[in-house]
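A.B. asks: There's a structure below that I have some questions on.
The values are calculated or read from the model by the stated rules, or taken from the named source; none is laboratory data. Quick caveat, the model's predicted, so the values are computed rather than measured. Please note: Cβ atoms are built from the backbone with ideal geometry, for glycine as well, and neighbour counts cover all protein chains shown.
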Amino acid sequence: MSEAATPGFFQRIVLPGLAFKAVVIGGGYATGREVVEFFFASGPIGGLLGLALAMVIWSLVCCVTFVFARQVSADDYRDVFAALLGKGWIAFEVVYILFMILVLAVMGAAAGEIGAALFGWPAWVGTAILAALIIAITGFGTAAAEKLFRYSSALIYGTYAVFFVLAIAAFGGGIGNALDSAPVGDGWVTGGITYASYNVIGAVLVLPFLRHQRSRRDAVQAGLLAGPLAMLPALLFYLCMIAFYPEIGSVALPSDFLLGRLGLPWFALLFQAMIFTALLETGIGMVNALDERAAAVARHRGTPMTPLARIALSAAVVIGSATLAGRFGLIDLIASGYGAFGWIMLIILVVPMLTLGTYRILKRPVEA
């Protein structure tokens, strides 16, 4: 039988986790600043505990969400929230669109800075390249995104692994000293919950990537694996950063700080390319979720969504996000904005899914 007829372990179990990582990484830890904001105040060990807690929350929410989506035959986030919250599903869509605008705007600005730093381009060039790639790839649907995530994930995991090895060789003693000398600070539970909550939106955005699953067991295994797959790069990055605790906590871009300490221009170039790839992954994951939502509406009306229509919608979303962000100054809201969205997602996604979702799964078990 063909691969399409008999999806393998990678497609059924690993791919959803890679897609979840893709949605998380761009706004979650690509530059390291996000991890510092949520975890450095708790000290090196407290930060590790917070990251571990966030990983557990990601796995639990992904597991319940994937199983619940299978049980109610949901292919996109609207179907899941309609089954979970009834007419309250609209609350998630409004919050998601606002969050997507914020994330796309911030990532566009970051891509512009990468282009300027590496090639001396005007800032708009890097932003335009990122936007064009997001639009082009999402125009061909979930299958195109899956192919990208296969190769981009190899680059991302490989780069973070090399980064960790180089950091251990260069300043590994600082990592050990920080772990030995710094006490466990307060706030790691709150930091872990908030950080997990604003990123866990990926659990419902990656539902189109569950199309290869064939059983409840697939959904459970993929959900449990999603947390570690998404957190592993962040954990390696965090361990590198704590070599310079607490100094690095006040640095705007911890990644640049560490790359400067390594003093390896070739790796700095590779790392910047990896960050651009991470931004691309996140943009594709977020826009593809909205495209699939629109495609479901089109199928319901009997008019399948064409690639041209997908491209038009993706372009409207990406370009519109940049325009709105520039007009209303959304980029300046990143620090407070991400924290606020974390609490909002805790209320409308994490708590309902882990309570109502779990109750309905247990009340009406699905196949093994």
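A.B. asks: Hey, among the residues in region 9-26 that are within 14 Å of residue 229 (Cα to Cα) and over 14 Å from the mean Cα position of the chain (by Cα), which one's surrounded by the most Cβ atoms within 10 Å (Cβ to Cβ)?
C.D. replies: 13
A.B. asks: Considering only residues of region 206-219 that are of a type in the set (A, V, I, L, M) and closer than 13 Å to residue 9 by Cα, which is surrounded by the most Cβ atoms within 10 Å (Cβ to Cβ)?
C.D. replies: 219
A.B. asks: Something else now. Consider residue 143 against the criteria (1) of a type in the set (A, V, I, L, M, F, W, C); (2) buried (at least 16 other Cβ atoms within 10 Å of the Cβ); (3) without any contact (Cβ under 8 Å) to a residue 24 or more places away in the chain: it satisfies all of them except one. Which criterion is unmet?
C.D. replies: Unmet condition: (2).
A.B. asks: Follow-up question, since we're still on this one. Looking at region 168-182, which of the residues that are out of contact with any Leu (no Cβ under 7 Å at 6 or more places or on another chain), surrounded by 15 or more Cβ atoms within 10 Å (Cβ to Cβ) and in a helix (DSSP H, G or I) is modelled with the highest pLDDT?
C.D. replies: Within region 168-182, the first condition is being out of contact with any Leu (no Cβ under 7 Å at 6 or more places or on another chain), and the residues that meet it are 168-169, 171-174, 176-182.
With the extra rule that they be surrounded by 15 or more Cβ atoms within 10 Å (Cβ to Cβ), the set shrinks to 168, 171-172, 174, 177-179, 182.
In the following step, the residues that additionally are in a helix (DSSP H, G or I) were identified as 168, 171-172, 174, 177-179.
Details: 168: 94, 171: 91, 172: 89, 174: 91, 177: 90, 178: 88, 179: 87.
Among those that are out of contact with any Leu (no Cβ under 7 Å at 6 or more places or on another chain), surrounded by 15 or more Cβ atoms within 10 Å (Cβ to Cβ) and in a helix (DSSP H, G or I), it is 168.
A.B. asks: A follow-up question, please. Go through region 88-136 residue by residue and tally those that are closer than 30 Å to residue 353 by Cα, under 17 Å from the mean Cα position of the chain (by Cα) and among the aliphatic types (A, V, I, L, M).
C.D. replies: Here the count works out to 12.
A.B. asks: Follow-up. Mind counting the residues in region 222-263 that are in a loop (DSSP other than H, G, I, E, B) and either modelled with pLDDT of 95 or more or among the hydroxyl-bearing types (Ser, Thr, Tyr) (or both)?
C.D. replies: Residues flagged as in a loop (DSSP other than H, G, I, E, B) and either modelled with pLDDT of 95 or more or among the hydroxyl-bearing types (Ser, Thr, Tyr) (or both) within region 222-263 amount to 1.
A.B. asks: From the list 237, 267, 244, pick out the single residue that is under 29 Å from residue 170 (Cα atoms), surrounded by fewer than 18 Cβ atoms within 10 Å (Cβ to Cβ) and of a type in the set (Phe, Trp, Tyr).
C.D. replies: Sole residue among the options that is under 29 Å from residue 170 (Cα atoms), surrounded by fewer than 18 Cβ atoms within 10 Å (Cβ to Cβ) and of a type in the set (Phe, Trp, Tyr): 267.
A.B. asks: Here's a follow-up. Pairs needed: first member in region 115-131, of a type in the set (Phe, Trp, Tyr); second member anywhere, crowded, with 18+ Cβ neighbours inside 10 Å; C-beta distance under 7 Å; at least 6 residues apart or different chains.
C.D. replies: Correct list of pairs: 121/115; 124/112.
A.B. asks: Here is a list of conditions, (1) within 23 Å of residue 291 (Cα to Cα); (2) under 16 Å from the mean Cα position of the chain (by Cα); (3) surrounded by 23 or more Cβ atoms within 10 Å (Cβ to Cβ); (4) not small (Gly, Ala, Ser), and residue 29 meets all of them except one; can you say which number that is?
C.D. replies: Looking at each condition in turn, residue 29 falls short on (1).
A.B. asks: Collect the residues in region 229-284 that are of a type in the set (S, T, N, Q) and within 23 Å of the chain's Cα centre (by Cα), keeping them in residue-number order.
C.D. replies: Residues satisfying the conditions are 255, 272, 277, 282.
A.B. asks: Among the residues of region 83-101, is there at least one that is touching a Phe, Trp or Tyr at 6+ places or on another chain (Cβ under 8 Å) and modelled with pLDDT of 95 or more?
C.D. replies: No, every residue in region 83-101 fails to be touching a Phe, Trp or Tyr at 6+ places or on another chain (Cβ under 8 Å) and modelled with pLDDT of 95 or more.
A.B. asks: Now a separate question. Answer yes or no: is there a residue in region 94-112 that is without any contact (Cβ under 8 Å) to a residue 24 or more places away in the chain, farther than 30 Å from residue 252 by Cβ and touching a helix residue (DSSP H, G or I) at 6+ places or on another chain (Cβ under 8 Å).
C.D. replies: no
Conditions tested, residue by residue: (1) small (Gly, Ala, Ser); (2) in contact with an Asp or Glu (Cβ under 9 Å, 6 or more places away or on another chain).
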position: 89; (1), (2): no, yes
position: 101; (1), (2): no, no
position: 110; (1), (2): yes, no
position: 145; (1), (2): yes, yes
position: 150; (1), (2): no, no
position: 185; (1), (2): yes, no
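A.B. asks: Name, by its number, the condition in (1) modelled with pLDDT under 85; (2) hydrophobic (A, V, I, L, M, F, W, C); (3) not in a helix (DSSP H, G or I) that does not hold for residue 334.
C.D. replies: Of (1) modelled with pLDDT under 85; (2) hydrophobic (A, V, I, L, M, F, W, C); (3) not in a helix (DSSP H, G or I), only one is false for residue 334: (3).
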